[in-house]
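Structure record follows, encoded as structure tokens.
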Amino acid sequence: MTTTTKRPIRSERLGALPPYLFAEIDRKKRAKIAAGADVINLGVGDPDRPTPTFIIEALQKAAMDPRTHPYSPGRGYPEFRQAAATFMKKRFGVDADADKHITTLLGSKDGISHLPAAVLNPGDVICAPDPGYPVYSSGALFNGAETHHMPLTAKTGWTPVFEDIPADVRDRARLLWANYPNNPTGATVELSFFDTMAQFCNEHDIIACSDHAYSEVYFEEAPPSFWQSKHVNLDETHAIEFHSLSKTFNMTGWRIAFAVGHPEVISALAAAKDNHDSGVFGAVQLAGAEALNQYDHPDVVAMREVYRERRDALTPGLRAMGCEVDPPRAGFFCWAKCPQGVDSMSFATRCLEEANVVVIPGAGFSKHTGNWFRIALTVEAERITEAVERMKRLNW
Ligand SMILES: Cc1ncc(COP(=O)(O)O)c(C=O)c1O
């Protein structure tokens with residue numbers, strides 16, 4: 001048998017993904033749990049409470065109907081898209097047409113990751129927030145496009161400064177991403193931010209993309225939609241907004257979301273997706289329609305109160321440790337500055353090693369957030385209080 005040098009299995013594009021910086025923390029966390037330690041995991045951004053019963057019941061009923069069993073139509077069931085359009089109207093006052101402006105997604109990650117295949121060409125540029133959800137740039141990378149990172153800093157309330165985008169980048173940019181309520185910074189914006197974004201994108205012929213995955217998790221005023229801006233129109237503005245049922249209804253595992261946007265952007269995304277997947281299980285869509293039709297159900301409202309209580313259990317304790325923190329107004333992430341002189345990797349390592357508490361170091365998100373860390377409000381308030389007590393005991 002002749003031995004030949006084999007070519008690498010992984011594609012150059014896969015190999016070009018940034019390294020996973022949390023691997024070491026993950027390994028230590030698993031070792032601690034295996035050794036029986038009482039680890040409090042404030043790292044995971046996944047709702048800890050179950051999906052509300054009215055949605056599970058809708059799923060049970062729909063799953064018994066064999067009409068939900070075959071492949072579903074590419075853009076999704078009319079019932080789901082109509083519920084999405086009604087939600088846009090009732091919640092934001094936005095008139096969207098269920099057939100023209102809406103498509104169903106297997107979670108918003110599905111839409112976010114496949115949009116580049118629908119609208120980008122090799123050599124195009126996308127503008128993505130830094131720090132930000134990594135799928136904006138991995139989607140670009142897999143399609144031969146480059147990412148321009150727009151720094152988010154405390155000085156500008158964790159919003160990008162569009163004028164800082166260099167002219168040559170701006171001219172090649174095809175997509176620009178914004179995500180408010182924001183992961184990881186917990187920042188929110190007023191509608192005027194979307195006005196500025198819409199004007200900038202329109203002027204430079206860039207498709208504006210708003211990731212609204214956390215729109216219904218809020219503790220103060222309800223966050224606005226991009227489509228509420230006075231500078232936009234669903235039939236004219238090249239833009240798209242992603243909405244997810246994952247966080248609003250504790251449905252992360254169900255994989256259901258929708259995008260609402262300009263008809264051509266929506267049809268391009270649906271066409272790209274036709275070549276990747278075969279739609280969301282029909283029963284999940286019918287249960288999702290029920291969820292959206294009752295987006296202000298008492299269970300959903302109660303969940304907001306739960307997150308608020310957790311936020312309020314957390315922030316005073318962090319301040320007492322010397323961490324600078326703005327209590328988040330929405331989303332379920334609290335973004336705080338490490339105590340003076342401590343970098344986020346050392347902070348997260350000590351929290352885990354000495355207090356059995358997992359937090360996510362800001363260095364994992366961006367080069368310029370190495371003094372920040374993220375805590376998810378996805379464990380019960382008593383556990384958050386316990387975690388803060390343990391962290392306070394370490395001398396910072
Ligand atoms: C900012 C942001 N966008 C989108 C998603 C994707 O959510 P899903 O695919 O469950 O809708 C997440 C998930 O954590 C997220 O944090």
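The values are calculated or read from the model by the stated rules, or taken from the named source; none is laboratory data. Not measured: the values here are computed from a predicted model. FYI the Cβ positions are ideal-geometry reconstructions off the backbone, even for glycines, and counts take in every protein chain you see. Accessible surface areas use protein heavy atoms only, side chains included; no ligands, DNA or RNA. Shrake-Rupley method; radii C 1.70, N 1.55, O 1.52, S 1.80 Å.
Just a few scattered comments:
- Yes/no for Ile384 being touching a helix residue (DSSP H, G or I) at 6+ places or on another chain (Cβ under 8 Å), assigned to a strand (DSSP E or B) and in the same structural domain as Arg319 (by TED's automatic domain parsing): no
- Being under 30 Å from Ala145 (Cβ atoms), in contact with an Asp or Glu (Cβ under 9 Å, 6 or more places away or on another chain) and either more than 16 Å from the ligand (Cβ to nearest atom) or in a loop (DSSP other than H, G, I, E, B) (or both) is a condition met by no residue of region 47-55.
- Looking only at region 217-240, and only at residues there that are of a type in the set (Val, Ile, Thr) and more than 12 Å from the ligand (Cβ to nearest atom), the one that is farthest from Phe332 (Cα to Cα): Thr237
- If you check Phe281, Phe249 for being of a type in the set (A, V, I, L, M, F, W, C) and in contact with a helix residue (DSSP H, G or I) (Cβ under 6 Å, 6 or more places away or on another chain), only one passes: Phe249.
- The condition (being outside any loop (DSSP other than H, G, I, E, B) and either surrounded by fewer than 18 Cβ atoms within 10 Å (Cβ to Cβ) or modelled with pLDDT under 95 (or both)) is satisfied by just one residue among Arg390, Arg374: Arg390.
This table checks each residue for (1) hydroxyl-bearing (Ser, Thr, Tyr); (2) touching a residue at least 60 places away in the same chain (Cβ under 8 Å); (3) in the same structural domain as Ala58 (by TED's automatic domain parsing); (4) closer than 21 Å to Asp48 by Cα.
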{"residue": "Glu309", "(1), (2), (3), (4)": "no, yes, no, yes"}
{"residue": "Ala336", "(1), (2), (3), (4)": "no, no, no, no"}
{"residue": "Ala355", "(1), (2), (3), (4)": "no, no, no, no"}
{"residue": "Thr369", "(1), (2), (3), (4)": "yes, yes, no, no"}
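- When residues of region 318-333 are limited to those that are small (Gly, Ala, Ser) and part of a loop (DSSP other than H, G, I, E, B), the one most open to solvent (accessible area, probe 1.4 Å): Gly322
- Val280 falls short on exactly one of the conditions (1) within 12 Å of the ligand (Cβ to nearest atom); (2) farther than 27 Å from Glu305 by Cβ; (3) buried (at least 24 other Cβ atoms within 10 Å of the Cβ), and that condition is (3).
- Per this entry, Asn356 is counted among residues that are at pLDDT 95 or above, at positive phi and crowded, with 16+ Cβ neighbours inside 10 Å.
Results for (1) out of contact with any Cys (no Cβ under 8 Å at 6 or more places or on another chain); (2) within 16 Å of the ligand (Cβ to nearest atom); (3) under 26 Å from Val284 (Cβ atoms), shown as yes or no for each residue.
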site	(1), (2), (3)
Ala198	yes, no, no
Ser215	yes, yes, yes
Phe242	no, yes, yes
Leu245	yes, yes, yes
Ile256	yes, yes, yes
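- A search for C-beta distances below 8 Å between a residue of region 213-228 that is in the same structural domain as Ser113 (by TED's automatic domain parsing) and any residue that is of a type in the set (Asp, Glu) and open to solvent by 20 Å² or more (accessible area, probe 1.4 Å), counting only pairs 6+ apart in sequence or on different chains, returns Pro224/Glu190.
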